[in-house]
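Visitor: Let me give you the structure first, and then I'll get to my questions.
Please treat every number below as a calculation from the coordinates, not as lab data. None of the values given here were measured: they were computed from a predicted structure. Glycine gets a Cβ as well: all are built from the backbone with ideal geometry, and neighbour counts include every protein chain shown.
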Amino acid sequence: MLDFLKGCIGFVIELIYPMHCVICGAKADNYICPDCRENVHIIPPEYQQGFRPFRGEKNVSHMHVAFDYDADTRALIHSFKYRRNEFLAPTVSSLMNRAIPNILFLEECDLIIPVPMHPYDLKRRGFNQSELLARSVAEETKIPMAADVLVKTKITPHQASLTTEERYKNLEGAFAVTEPEKINGLTVLLIDDVATTGTTMNECAKALLAAGAKRVNGFAATSSRVI
Ligand SMILES: [Zn+2]
């Protein structure tokens, strides 16, 4: 009887809010249709990316990006992040998880840490998209996650409109480690949604290394620039 009722409720919800593909609008399970899912280009292992050192700093040792940034994936990420559609986290995660076997440096990683948001921004958005993605990567890889060790202590203007130099200035000293003993001697895998110039990850890695991490690697869902 309970199953029947659940089925009825599910049917009514589906009638009122049918799931549609965020990219093309076709009816779809999990907000992405099979065609659009197939069109997402998962970046193969040989395309490990590296951030160009800036001011001689290269704090992220290895970097991998899960899928290409094109009109389709941009629509998906924008809807997830800027339209605050938290329900899209499993859709983005499922694409990101497809790239996990392609991360050549995964084995050396001891701890997963998401790029943090400032509490003020977190309150406005309602969720930290990087933390949702990191949780899924942690589940998939069985690598433990610590979401409260790295914090953002400075409110910074939106990065997208800034030059690389401005991005660095903007983020200088914006991150801090609350419990260094939790990362001491460990290789950290930093998780972000979109890595653009690598500035954010580089600054996060700087704070982690200063606090005693052995090494910092990065894994982002996508990258809006060639890095
Ligand atoms: Zn579609």
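Visitor: Quick check: the angle from helix 2-16's long axis to the longest principal axis of the chain, C-alpha only, nearest 10 degrees?
Guide: On a 0 to 90 degree scale, this one is about 80.
Visitor: Right, next: Under the Karplus relation 6.51 cos²θ - 1.76 cosθ + 1.60, θ = phi - 60°, what is the ordered set of whole-Hz ³J(HN,Hα) values for region 206-211, x standing for Gly and Pro?
Guide: 4, 5, 5, 5, 5, 8
Visitor: Another question, if that's okay. Would you mind checking the tilt of helix 71-81 against the longest principal axis of the Cα atoms of the chain, expressed as 0 to 90 degrees and rounded to 10?
Guide: Helix 71-81 sits at roughly 80 degrees to that axis.
Visitor: Using the Cα centre of the chain as origin and beta-carbon charges of +1 (Lys, Arg) and -1 (Asp, Glu), tell me which of 178, 120, 30 is placed farthest towards the positive end of the dipole.
Guide: Value computed over the given set: 120.
Visitor: In addition: About the Cα centre of region 133-227, what is the dipole size in debye to 20, counting +1 per Lys and Arg Cβ and -1 per Asp and Glu Cβ, all else neutral?
Guide: 140 debye
Visitor: Something else: Could you derive backbone 3J(HN,Hα) for region 218-223 from the dihedral phi with the Karplus parameters 6.51, -1.76 and 1.60 (θ = phi - 60°), listing whole Hz in sequence and x where the residue is Gly or Pro?
Guide: x, 9, 10, 4, 7, 9
Visitor: Given Cα pairs under 8 Å that are at least 6 residues apart, what percent is the relative contact order of region 86-223? Please report the intermediate quantities before stating the final value.
Guide: Values: 228 pairs, mean separation 37.3, N = 138.
27 percent.
Visitor: Compute the separation of the alpha-carbon centres of region 66-84 and region 110-149 and state it in Å as a whole number.
Guide: Cα centroid to Cα centroid, the span is 18 Å.
Visitor: To continue, here is another question. Using modelled amide H (1.01 Å from N, peptide plane; none on Pro or chain starts), what sits under 5 Å from the amide H of residue 213, excluding residues fewer than 5 places away?
Guide: Under 5 Å from the amide H of residue 213 lie the amide H atoms of 185, each far enough along the sequence or on another chain.
Visitor: Rounded to the nearest 5, what % of the DSSP beta bridges within the chain are antiparallel ones? Could the numbers behind the result be given before it?
Guide: On the way: 7 of 23 bridges.
So the antiparallel bridges in the chain amount to around 30 percent.
Visitor: Ranked highest first by the average count of other Cβ atoms within 10 Å around their residues, in what order do 204-214, 66-76 fall?
Guide: Working: 204-214: 20.5, 66-76: 18.2.
Peptide ranking by packing, descending: 204-214, 66-76.
Visitor: Next question, about the same structure. Place a +1 charge on the Cβ of each Lys and Arg in region 174-218 and a -1 charge on the Cβ of each Asp and Glu, then give the dipole magnitude about the Cα centre in debye, rounded to the nearest 20. Could the numbers behind the result be given before it?
Guide: Numbers: 4 positive and 5 negative charges, 42 e Å.
Around 200 debye, computed over region 174-218.
Visitor: Quick one: order 175, 127 by neighbouring beta-carbon count within 10 Å, fewest to most. It would help to have the intermediate numbers written out before the result.
Guide: On the way: 175 23, 127 15.
Going from least to most buried by this count: 127, 175.
Visitor: Roughly how big is region 42-222's charge dipole about its Cα centre, with Cβ charges of +1 (Lys, Arg) and -1 (Asp, Glu), in debye to the nearest 20? Before the final figure, lay out the partial values.
Guide: Values: 21 positive and 22 negative charges, 99 e Å.
With only Lys, Arg, Asp and Glu charged at Cβ, the dipole is about 480 debye.
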